[in-house]
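A.B. asks: One structure, as structure tokens, below. Some questions next.
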Amino acid sequence: MLELEGLRKRYGDRVALDGVTFTVRPGELYGFVGTNGAGKTTTMRITLGVLEPDAGTVRYQGKPVDSATRRTFGYMPEERGLYPKMRVGDQLRYLAELHGLSRGDADKAATYWMERLSVIERAGDRVEALSLGNQQRVQLAAALVHHPAVLVLDEPFSGLDPVGVDNLAEVLRERAAEGVPVVFSSHQLELVERLCDSIGIIYRGRMVATGTVDELRASRAERVLRVGTDVAAGWADRVPGVVSADYGKSTTLVLAADADDQAVLDAARALGPVREFTPLRASLAELFREAVADHDGDEDGSNQDAADPRGADA
Amino acid sequence: MNRNAVRLVTRREFVERGRDRGFAIGVGISLAIVLVSVLIASLVSNKNKTPSFTVGFAGTRAVAEQQIADRGAPVAKIKLTSSLVTDAVGGQQLVKDGKLDALVDDGQVFVKDAVDPKLAPLLAEANLASQVPNLDQLQGQATVQLAPKDPDSGQRKTIALIAEIMLFSQMIAYCLAVATGVVEEKTSRVIEVLLSSVSPRSLLTGKIIGIGALGLLQLAATVLVGLGAGSATGALHMTVQVWQAVGIVALWFVVGYIFYASAYAAVAARVSRQEEMQSAVQPLNLLIMVPYFAAFAAIGNPDATWVRALSLIPPFSVLIQPVRIAGGDASWWEPVAAIGLMAVATVGIVLAGARVYENSVLRFGSKVPLRVAWTAGRKA
């Protein structure tokens, strides 16, 4: 179990993290989403010990992580990075050894992951000679090569073709199935929704929502219904619990949290035949927009780029 | 700091750079330069195949000695210009002035410094043969030095010069390699992957040791080839001083390299692109080049006060102290004190360099301000 608790980080007067707390259970795929500059990268860097937090702790299996524990973590940074002039195989073996594998084990693991990610025939080539897609695969192999006990991947899917996406998704599921807590960030919300057991939404350095997608849905204030009926527009305006209504081919109703949807159905049937009555499940994208909108403006003026110490590339 | 991590980083730097084609070319060029200069030196010194000497004869047996010497010269493969000298004191002056190579006067040979080994047997033969009628009282020949000089002073200056050039070129090349390596890791962003498994200090230590080991290897190869070729062609007399000089160069390279490499690494860590690195390390380049040029001035006058002073002060001592090889009258404590002071300065610069490196290496974009590099730690 990987626990982040109360992580705080400032860069000068910019607040990057303002008490980030979440937990990734063993075998769980955790999707970490947020706007640009919300603090995802800073959180991940702190988790990996690349950056020191001003306050807060990162625990693994109940104990605060030290550098020895972190060496068992696997990390793919947002800014991809490998030695451009080093050969693919040498590079992976080197990184595996840095993470504590013996020379023989490092060699086996490097070969396994190069085969698995289909770059084995480029093992003797310098990284700079590879296409971007293949460099991305090598980068993934670098994060996976030492059988990490925890996986932290910053935007691992960006830049991958659909085959690569499927390939990576399969690898991540497989790692999780072996009991490894896996955290990854992504802007591809459908992918996150499809893949992840749990989701955390970060906004301006704070976690604004955490839980499974269903939990996030259950916690929202409003529900949406689609009602197929030929009754004239305006029929639902005075039905109790209806917050707003949109009349088209079928009617889309937004209900208050405490509204009784059966009362709405009764009201509709009283006016005419009802062909369809469907509660609409909000997509993660909608949940995300709502969560962000709810917390917009409740802030202390920290700016959007606060999470990015690099200045140049926010 | 993790010793195993340092070992791995060291090995990577050594192996990856060692098999880089640029490294092989660099070593090849430096070896070629050494070979060519040794060859030229030996050609210059062996140019006179038939040595010629001007010898004056004075004293009671002068005529006989001159005749015998003239007759013996072709046999000894010497071109001899002989003359009779009536004024022995004036003859000695001619020797001092270099107009005569030797003056033979009643069993004594007056020379400036030493009798040339090719000339000596001929003069000895003339001395003995001229006494043949008095076989019982044969007198041996004594050599009188009129202006003795340090036998190896020329060679010592040459050694000091070569030591100087090697120290300078090795140090600047390998310190720049460290700086380039530091920036390369930032530019390629591999630094973030690395720092998730090793500490900045381990990484920096391994990098400096690995590249430095390669530098020592190149130094050793150059010295071996240079000494081998030098002694094979006779351009170099393998004396104790030569070996001392080799030891001194190696020692100063190690200390100077650690000092400067830490400074170069710290400066390089503050920038994110190779182009910026060039201008960032400019002040450090000067800090190597100024003592280097001062050293050339010092070789001509190795016992001057300013040379003695600079040869003790870090980091000038790195390039000035070896010049004192050419002087030869350095007290025993001078190199010891110089190394001691330099070691202290090196410890200081290593600590400061590591601190700046640690604070800067993950800050990308524009150059990290010195204040931030010094104070804003990762643990801030």
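The values are calculated or read from the model by the stated rules, or taken from the named source; none is laboratory data. It should be emphasised that the depicted structure is a prediction, and the values quoted were computed from it without experimental measurement. Cβ coordinates were reconstructed from backbone atoms using ideal geometry, including for glycine residues, and neighbour counts include every protein chain displayed. We work out accessible area using only protein heavy atoms, side chains counted, and drop any ligands, DNA or RNA first. Shrake-Rupley method; radii C 1.70, N 1.55, O 1.52, S 1.80 Å.
A.B. asks: Averaged per residue, what accessible surface does segment A:1-151 expose to a 1.4 Å probe, in Å²?
C.D. replies: That works out to 37 Å² per residue.
A.B. asks: Could I ask something else about it? Quick one: Debye curve from the C-alpha atoms of segment B:210-281, no solvent, what's log10 I(q)/I(0) at q = 0.12, 0.20, 0.25, 0.27 Å⁻¹?
C.D. replies: Treating every Cα as an identical point scatterer, log10 I(q)/I(0) equals -0.49, -0.87, -1.09, -1.16.
A.B. asks: Determine the dipole magnitude for chain B: charges of +1 sit on the beta-carbon of Lys and Arg, -1 on that of Asp and Glu, nothing else is charged, the reference point is the Cα centre, and the result goes in debye to the nearest 20.
C.D. replies: That gives a dipole near 2100 debye.
A.B. asks: Could you give me the radius of gyration and the Dmax of segment B:18-97, taking only the C-alpha atoms into account and expressing both in angstrom?
C.D. replies: Cα radius of gyration and Dmax of segment B:18-97 are 23.8, 74 Å respectively.
A.B. asks: Rounded to the nearest percent, how much of the accessible area of segment B:160-308 (1.4 Å probe, protein heavy atoms only) is carbon and sulfur?
C.D. replies: 73
A.B. asks: Kirkwood Rh and Cα-based Rg: tell me the resulting Rg over Rh for the protein assembly as shown, rounded to two decimals.
C.D. replies: 1.28
A.B. asks: Rolling a 1.4 angstrom probe over the protein heavy atoms, how many square angstrom per residue are accessible across chain B?
C.D. replies: Per-residue value: 47 Å².
A.B. asks: To test your reading of the geometry: what angle, between 0 and 90 degrees and rounded to tens, separates the Cα axis of helix B:153-187 from the longest principal axis of chain B?
C.D. replies: Taking the Cα atoms of chain B, the angle to B:153-187 is about 10 degrees.
A.B. asks: Moving on to the next point. Could you give P(r) for segment A:1-125, binned at 10 Å from zero, as whole percent values over all Cα-Cα pairs?
C.D. replies: All Cα pairs, binned at 10 Å, distribute as 11, 34, 31, 20, 3 percent.
A.B. asks: Continuing with the same structure: Place a +1 charge on the Cβ of each Lys and Arg in segment B:2-138 and a -1 charge on the Cβ of each Asp and Glu, then give the dipole magnitude about the Cα centre in debye, rounded to the nearest 20.
C.D. replies: Working: 17 positive and 14 negative charges, 288 e Å.
The calculation lands at about 1380 debye.
A.B. asks: Taking only the alpha carbons of chain B, what extent do you get along each of the three principal axes, in Å, biggest first?
C.D. replies: 99, 41, 33
A.B. asks: Among B:296, B:272, B:214, pick out the residue whose Cα is farthest towards the positive end of the charge dipole of the protein assembly as shown, where Lys and Arg carry +1 and Asp and Glu carry -1 on C-beta, about the Cα centre.
C.D. replies: So the residue furthest toward the plus end is B:296.
A.B. asks: Give me the net charge for the shell around residue A:173: Cβ to Cβ below 13 angstrom, other residues only, Lys and Arg +1, Asp and Glu -1.
C.D. replies: Combined, the nearby Lys, Arg, Asp and Glu give -4.
A.B. asks: If you place +1 on the Cβ of every Lys and Arg and -1 on the Cβ of every Asp and Glu, how big does the dipole about the Cα centre of the protein assembly as shown come out, in debye to the nearest 20?
C.D. replies: Value, rounded to 20: 1580 debye.
A.B. asks: Next up: Determine by what factor the alpha-carbon radius of gyration of segment A:171-280 differs from 2.2 N^0.38 Å, reporting the quotient.
C.D. replies: Taking the Cα Rg and dividing by 2.2 N^0.38 Å, one obtains 1.45.
A.B. asks: Gaussian network model of chain B, Cα springs within a sub-10 Å range: biggest mean-square fluctuation belongs to which of B:338, B:221, B:114?
C.D. replies: Greatest mean-square fluctuation among the candidates belongs to B:114.
A.B. asks: Still on this structure, I have one more. Do any residues of segment A:32-59 lose at least 40 Å² of accessible area when the full set of protein chains is present rather than just their chain alone, and if so which, with a 1.4 Å probe?
C.D. replies: With the partner chains in place, segment A:32-59 has these residues losing at least 40 Å²: A:45, A:50, A:52.
A.B. asks: Pick out, from A:140, A:102, A:12, the residue whose Cα sits farthest towards the positive end of the charge dipole of segment A:1-160, with +1 on the Cβ of Lys and Arg and -1 on the Cβ of Asp and Glu.
C.D. replies: A:102
A.B. asks: Relative contact order, percent, of chain B when contacts are C-alpha pairs under 8 Å separated by at least 6 residues?
C.D. replies: On the way: 523 pairs, mean separation 72.3, N = 380.
Reported relative contact order: 19 percent.
A.B. asks: Another question, then. Roughly how crowded by other chains is peptide A:84-96, in terms of the mean Cβ count from those chains within 10 Å of each of its Cβ atoms?
C.D. replies: Mean shielding count: 3.
A.B. asks: Oh, and also: Please compute the contact order of chain A in relative form: average sequence separation of alpha-carbon pairs under 8 Å and at least six residues apart, divided by the residue count, as a percent.
C.D. replies: Computed value for chain A: 24 percent relative contact order.
A.B. asks: Shifting gears a bit: Expressed as a whole number of Å, what is the distance separating the alpha-carbon centroids of segment A:247-277 and segment A:157-229?
C.D. replies: 30
A.B. asks: Please name which of B:126, B:144, A:218 has its Cα lying farthest along the dipole of the protein assembly as shown towards the positive end, using unit charges on Cβ (Lys, Arg +1; Asp, Glu -1) and the Cα centre as origin.
C.D. replies: Farthest along the dipole direction, towards plus: B:126.
A.B. asks: When the helices in chain B are scored as -39500 (n - 2.57) per DSSP H run of 4 or longer and the sum is shared across all residues, what 222 nm value do you end up with, to the nearest 500 deg cm²/dmol?
C.D. replies: That comes out to -22000 deg cm²/dmol.
A.B. asks: Modelled label-to-label distance, residue A:218 and residue A:187, 7 Å Cα→beta-carbon offset: nm?
C.D. replies: Result: 3.2 nm between the two label points.
A.B. asks: Mind jotting down the distance between the C-alpha centroids of segment A:116-153 and segment B:1-78, whole Å?
C.D. replies: With segment B:1-78 and segment A:116-153 each reduced to a Cα centre, they are spaced 53 Å.
A.B. asks: To the nearest µm²/s, what D does Stokes-Einstein give for chain A at 4 °C and 1.567 mPa s, using the Kirkwood radius over alpha carbon pairs as Rh?
C.D. replies: This corresponds to a translational diffusion coefficient of 60 µm²/s.
A.B. asks: Counting only protein heavy atoms and rolling a 1.4 Å probe, how much accessible area do A and B lose on contact, total for both sides, in Å² to 100?
C.D. replies: 2800
A.B. asks: How many percent of the accessible area of segment A:69-110 is carbon or sulfur, using a 1.4 Å probe?
C.D. replies: Taking all protein chains in place, segment A:69-110 shows 44 percent carbon and sulfur surface.
A.B. asks: When averaged across all projection directions, what area in nm² does the alpha-carbon convex hull of segment B:176-316 cover? Kindly include the intermediate steps, with their values, before the conclusion.
C.D. replies: Details: hull surface 42.1 nm².
So the mean shadow area of the Cα hull is 10.5 nm².
A.B. asks: May I pose another question? Need one number: nm distance between label points at residue B:7 and residue B:146, each 7 Å from Cα along Cα→Cβ, rounded to one decimal.
C.D. replies: 6.8
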